[in-house]
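Please read the structure below before turning to the comments.
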Amino acid sequence: MATKSEKAIPKIVWNERKRRFETEDKEAYVEYVVRENGKVMDLVHTYVPSSKRGLGLASHLCGAAFNHAKSHSMSIIPTCSYVSDTYLPRNPTWNSIIYSEDPRSII
């Protein structure tokens, strides 16, 4: 039998107007900036209030953003230190959609 102390997967909502993915209560979020004519999503800031830290919310928020980017054929710039230093090392399968400006492609 499930108890309240068991971690349920939180519902993450895309708030296009505020350019962020957020928890249903709007308390935790990852903000982004769209670049390169809509082809790139720059994840600039992740926020989880201290009362909700340690529940995996930041990871779920990033997962929603990466899934959104992939389904819209976008690349990701991991400007936010949580995304670059914590989320990506723990989820290396997402490295395939990380944006890179390859100077060799300007031939």
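Of note:
- Subset of the stretch 48-66 [exposed (fewer than 14 other Cβ atoms within 10 Å of the Cβ) and not charged (D, E, K, R)]: 49, 50, 51, 54
- The one condition in (1) surrounded by 13 or more Cβ atoms within 10 Å (Cβ to Cβ); (2) modelled with pLDDT of 95 or more that residue 71 fails to fulfil: (1)
- Residues of the stretch 12-30 satisfying the condition of being open to solvent by 100 Å² or more (accessible area, probe 1.4 Å) and within 14 Å of the chain's Cα centre (by Cα): 14, 16, 19
- Top-ranked residue in the stretch 79-100 [being among the aromatic types (Phe, Trp, Tyr) and within 13 Å of the chain's Cα centre (by Cα); ranked as surrounded by the most Cβ atoms within 10 Å (Cβ to Cβ)]: 87
The values are calculated or read from the model by the stated rules, or taken from the named source; none is laboratory data. Fair warning: this is a prediction, and the values are worked out from it, not measured in the lab. As a convention, Cβ positions derive from the backbone with ideal geometry for all residues, glycine included, and neighbour counts pool all protein chains shown. We work out accessible area using only protein heavy atoms, side chains counted, and drop any ligands, DNA or RNA first. Shrake-Rupley method; radii C 1.70, N 1.55, O 1.52, S 1.80 Å.
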